[in-house]
Amino acid sequence: MVHIHARSAALVSAGILTLTATPASAATQPSAVQPAPCQTSNLALDWTDSGTAQPGGRDTAGRQVDTIVSMKNTGSRACTLQGYPGVTLKMGTETQGVITETFFPQKSEKPKVVKLNPGATARFTVTFLSGKETDDNIIDPPIVAITPPGNTKAKELRWWWGPVQQQEAATHPGNYVSPVVR
């Protein structure tokens, strides 16, 4: 039911005022439309100076460590990222995916939409069990392929962090990635 003030009702009757009804739900909804998802071709990926991983795995063998990847929007328009990136360690023709689900409460962040204006940066964390070259079940990759959420094309980075213990058969894997965050 709409209540109209008496003066407004008179103006409507005289044809001087036109009323347009706006549903209550529309009045409370934001009018902004989310930008399109970020495309791999419009993202520059790089390692940050943060994290506990050491180049070559120095002094970290047998420990769970992490490294952080930045994702910068190099495009001319804003875009969005949401979810977990794909991370694949590449060694020759062998590849080893890092699990994109976590069993650890401290890393159980739910993916959120991250809006990146041109030049803005988001990040995600790669957590892994550092290994020794003499260990069984390790991969010592020279390259990591990273596929941003919502994409099928990857970008490659040099893997600086030494051997990684394979965890695919583990009940509670020590290798995983976080969702993309701001």
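The values are calculated or read from the model by the stated rules, or taken from the named source; none is laboratory data. Since the model is a prediction, treat every value here as computed from it, not as a measurement. Cβ coordinates were reconstructed from backbone atoms using ideal geometry, including for glycine residues, and neighbour counts include every protein chain displayed. To get the accessible areas, we keep the full protein, side chains included, count just its heavy atoms, and leave off ligands, DNA and RNA. Shrake-Rupley method; radii C 1.70, N 1.55, O 1.52, S 1.80 Å.
Side notes on the structure shown:
- Selection from region 34-44 of residues that are crowded, with 16+ Cβ neighbours inside 10 Å and of a type in the set (S, T, N, Q): 40, 42
- Residue among 13, 8, 31 that alone is open to solvent by less than 80 Å² (accessible area, probe 1.4 Å), over 25 Å from residue 151 (Cα atoms) and at pLDDT below 90: 8
- Pick from region 129-150, criterion open to solvent by less than 50 Å² (accessible area, probe 1.4 Å) and in contact with a helix residue (DSSP H, G or I) (Cβ under 8 Å, 6 or more places away or on another chain), ranking: modelled with the lowest pLDDT: 131
- Complete set of residues in region 45-73 that are assigned to a strand (DSSP E or B), among the hydroxyl-bearing types (Ser, Thr, Tyr) and open to solvent by 30 Å² or more (accessible area, probe 1.4 Å): 48, 50
- Residue within region 154-163 that is surrounded by 18 or more Cβ atoms within 10 Å (Cβ to Cβ) and at pLDDT below 90 present: no
- Subset of region 74-96 [in a strand (DSSP E or B), over 15 Å from residue 146 (Cβ atoms) and of a type outside the set (A, V, I, L, M, F, W, C)]: 80, 94
- Scope region 128-161; condition part of a strand (DSSP E or B) and over 17 Å from residue 71 (Cβ atoms); matching residues: 128, 129, 130, 138, 139, 143
- Taken as a whole, the structure leaves residue 111 outside the set of residues that are open to solvent by less than 70 Å² (accessible area, probe 1.4 Å), part of a loop (DSSP other than H, G, I, E, B), modelled with pLDDT under 95 and more than 23 Å from residue 72 (Cβ to Cβ).
- Contacts under 7 angstrom Cβ, first residue in region 123-147 being more than 22 Å from residue 73 (Cα to Cα), partner open to solvent by 20 Å² or more (accessible area, probe 1.4 Å) and of a type in the set (Gly, Ala, Ser), 6 or more apart: 130/61; 130/62; 131/61; 132/61
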